[in-house]
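Readers should treat all values here as calculations from the given coordinates under stated rules, not as data from a laboratory. A quick note: this is a predicted structure, and the numbers were derived from the prediction, not measured. Every residue, glycine as well, gets a Cβ built from its backbone with ideal geometry; the counts of neighbours run over all protein chains shown.
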Amino acid sequence: MPLVAKRTVDMEIIGDWVEPSTRVLDLGCGDGALLDYLVQQKKISAVGVDLDFNKITACVRRGLAAYQGDLTQFLRAVPDRHFDRVICSRTVHELANPTEVINEALRVGRTLTVGFVNHGFWKNRVHALLHGRKIRNEVYKTEWFDSRPANPVSVADFESFCAAKNIRIARRAHLAGDWRTPCRTLPNLLAGFALYDLAR
């Protein structure tokens, strides 16, 4: 399945979780595709943050409010509960300090949605076993030397983190390797993508 189609499934699930006409912050917003989708579908008030100037420019072209800079610095300047929802989709594994960003996101937002590629997926395990190298495919596009800080995270890792930090998992969605079919059994092994709705 093309990555664009996979991204569509991701957006649809997040869209189902977002309440209409709410204030949403997207951390690592990229070119704004998700926020634009939510503006169209849920009439949200949207703000995006990303380090990449070209991606922020793409957001502005879409008519979105977007900030170019460090996520942590941005979050520190935001008052408590300023947003109804913060989204961190396909960003958490690139954070230099995921604990701080998640804690700050839960401070400024009433809920936090986190989505990530499950590094514990069986194909990733087999690749590491057979090749002993960083995975390169349509999801993991860069060589190790071109990658940003990487914290490969699995479903088991993330749920253990939430338990250790007293973060409540309000909802979860696990998708199989096709990123379309719900995965209801052994998600740490069989899910290709995971989404969590978190709260304090």
For the stretch 31-79 and the stretch 142-200, compute the distance between their C-alpha centroids and round to whole Å. 23
One can check that the equivalent ellipsoid of the chain, built from the alpha-carbon gyration tensor with semi-axes equal to the square roots of five times its eigenvalues, has lengths in Å, largest first, of 26, 19, 17
14 Å beta-carbon shell around residue 81, net charge (K/R +1, D/E -1): +2
Using a basic spin-label model with each label point 7 Å from the Cα along Cα→Cβ, how many nm lie between residue 143 and residue 81? 5.1
Any chance you could list P(r) for the stretch 1-91, counting all Cα-Cα pairs in 10 angstrom bins from zero, rounded to whole %? 18, 51, 29, 2, 0
Net charge near residue 51: determine it from the other residues with C-beta under 9 Å of the C-beta of residue 51, scoring Lys and Arg +1 and Asp and Glu -1. -1
Kindly state, as a whole number, the per residue volume in cubic angstrom of the convex hull around the alpha carbon atoms of the stretch 94-170. 112
So, for the Cα atoms of the stretch 141-200, Rg and Dmax in Å stand at 13.4, 37
Just to confirm a number: summing +1 for Lys and Arg and -1 for Asp and Glu over residues other than residue 136 whose beta-carbon lies under 15 angstrom from that of residue 136, what do you get? +1
Order of 141, 55 from fewest to most other C-beta atoms within 10 Å? 141, 55
Exposure proxy check: 82, 131 ranked by fewest other beta carbons within 10 Å? 131, 82
